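The structure under discussion appears below in the form of structure tokens.
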Amino acid sequence: MALFSKKTDLAQIQADLSRLPRHIAIIMDGNGRWAKKRGLPRTAGHAAGAETFRTIATYCKDIGLDYLTVYAFSSENWKRPEEEVGAIMGLLKKYLLEAIGRMERDRVKMEFFGDLSPLTSELRELCERTREISQHYEGCQVNICLNYGGRDEIVRAAQAFALDCAEGRADPNHLTVDRFGGYLYSKGVPDPDLVIRTSGELRLSNFLLWQAAYSEFYITDVLWPDFSKEELHRAIAAYQSRDRRFGGV
Ligand code: IPE
Ligand code: IPE
Ligand code: MG
């Protein structure tokens, strides 16, 4: 019964899956509020959010999306209570272990954007293993932003570029937007066409500051754990109704 009504909903939303945006980025926000509404601890919201991520990432792969980038943990999220940070890291470990187990079946290429050095060595190794095993997969690439901050990413890129200049590998007079992009975590990945933020906040919260220069934005009040394939279709339909001008006419 539920399955049929879901199918109808999907068909009613006018998203044309034959001309998808190439790259969708998502600020997966609202886990805490989802839990609070149910009288549950915030950590229960993160567990539910991790399930939603799994569903949406699999669906994106199934419909043929080239790139999905998700904001999982920001460089500012360390300000949260130790217990909450620990729970998020625990969920990440669980997710990565499961992802590694299903990798040959899913065949999704996975990358991590962010400074992984403050993570435990166990988590860092899991990220590295996930990355290595999936490197040769073609089709969908999922980028997980972990201890990621847009400003931090730009500063690191500037440092790396300065070092290349100091050591004679680069020339400041020849720096271009494209070359600078090669120093970012997102090296080689096209800019996101569509940035989705759940739970209604009208801000970027330090997400993909450089890459989102010309992205289309879709903000929904739906909390991340409640985000669904239907919601994704709504976001894609909204994107497809936009007139992207990139400064032109
Ligand atoms: C997003 O949900 C997940 C992370 C930031 C890790 P929140 O935990 O920010 O949920 P709200 O915004 O408090 O509802
Ligand atoms: C952004 O959400 C970070 C992630 C979704 C991982 P936040 O909940 O941290 O953002 P603010 O604090 O509302 O700006
Ligand atoms: Mg939040």
- Message: Checking a compactness column here: for the range 55-192, what do you get for Rg(Cα) / (2.2 N^0.38 Å), N being the number of residues?
- Response: 1.15
- Task: Please compute the net charge surrounding Leu97, taking Lys and Arg as +1 and Asp and Glu as -1 over other residues with Cβ under 11 Å from its Cβ.
- Result: +2
- Note on the structure: Length gained, Arg22-Val155, 0.36 nm per residue minus C-alpha separation, equals 45.2 nm
- Using a Gaussian network model of the chain whose springs link C-alpha atoms within less than 10 Å, name the residue from Asp171, Asp226, Asp66 with the highest mean-square fluctuation. Asp171
- Taking all protein chains as present, what is the carbon and sulfur share of the accessible area of the range 79-218, in % to the nearest whole number, probe 1.4 Å? 52
- Message: Could you tell me how many cubic angstrom of Cα convex hull volume the range 1-86 has per residue?
- Response: 131
- Item | Pairs from Lys79/Lys229; Lys187/Lys229; Lys36/Lys94; Lys109/Lys229; Lys36/Lys79; Lys36/Lys109 whose Cα-Cα separation, in the structure shown, is over 27 Å | Lys79/Lys229; Lys187/Lys229; Lys36/Lys109
- Task: Find the relative contact order for the chain and round it to a whole percent, using C-alpha pairs within less than 8 Å whose residues are 6+ positions apart.
- Result: 30
- Item | Cα-only radius of gyration and Dmax that characterise the range 170-249, units Å | 15.6, 49
- For the chain, set up a Gaussian network in which alpha carbons nearer than 10 Å are linked by springs, and say which option among Ser75, Ser199, Ser121 fluctuates the most. Ser121
- Query: Given a 1.4 Å probe, how much area per residue of the chain is accessible, in Å²?
  - Reply: 53
- Message: If exposed means no more than 15 neighbouring beta carbons inside 10 Å and the site is in a DSSP loop, what's the longest run of the chain without any exposed GluC sites (Glu not before Pro)?
- Response: 1-75
- Report the local net charge at Asp62: Lys and Arg +1, Asp and Glu -1, summed over other residues whose C-beta lies under 11 Å from its C-beta. +1
- Summed over the other residues with a beta carbon less than 14 angstrom from that of Ala213, with K and R at +1 and D and E at -1, the charge totals -3
- Would you kindly state the longest site-free stretch of the chain, with sites defined as trypsin sites (Lys or Arg not before Pro) in a DSSP loop (not H, G, I, E, B) surrounded by at most 15 other Cβ atoms within 10 Å? 39-106
- Task: Compute the Rg/Rh shape ratio of the range 111-249: radius of gyration over Kirkwood radius, all on alpha-carbon atoms.
- Result: 1.00
- Rounded to two decimals, the Debye log10 I(q)/I(0) of the chain (Cα scatterers, no solvent) at q = 0.08, 0.12, 0.17 Å⁻¹ is -0.33, -0.74, -1.47
- Among Gln12, Ala72, Ala212, the residue whose Cα sits farthest towards the positive end of the charge dipole of the chain (+1 at Cβ of Lys and Arg, -1 at Cβ of Asp and Glu, taken about the Cα centre) is Gln12
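The values are calculated or read from the model by the stated rules, or taken from the named source; none is laboratory data. Treat the numbers as computed from the prediction; the structure is a model and nothing was measured. Here the Cβ is made from the backbone with ideal geometry for all residues, glycine too, and neighbour counts use every protein chain on show. Protein only, heavy atoms only, side chains kept; ligands, DNA and RNA dropped before computing areas. Shrake-Rupley method; radii C 1.70, N 1.55, O 1.52, S 1.80 Å.
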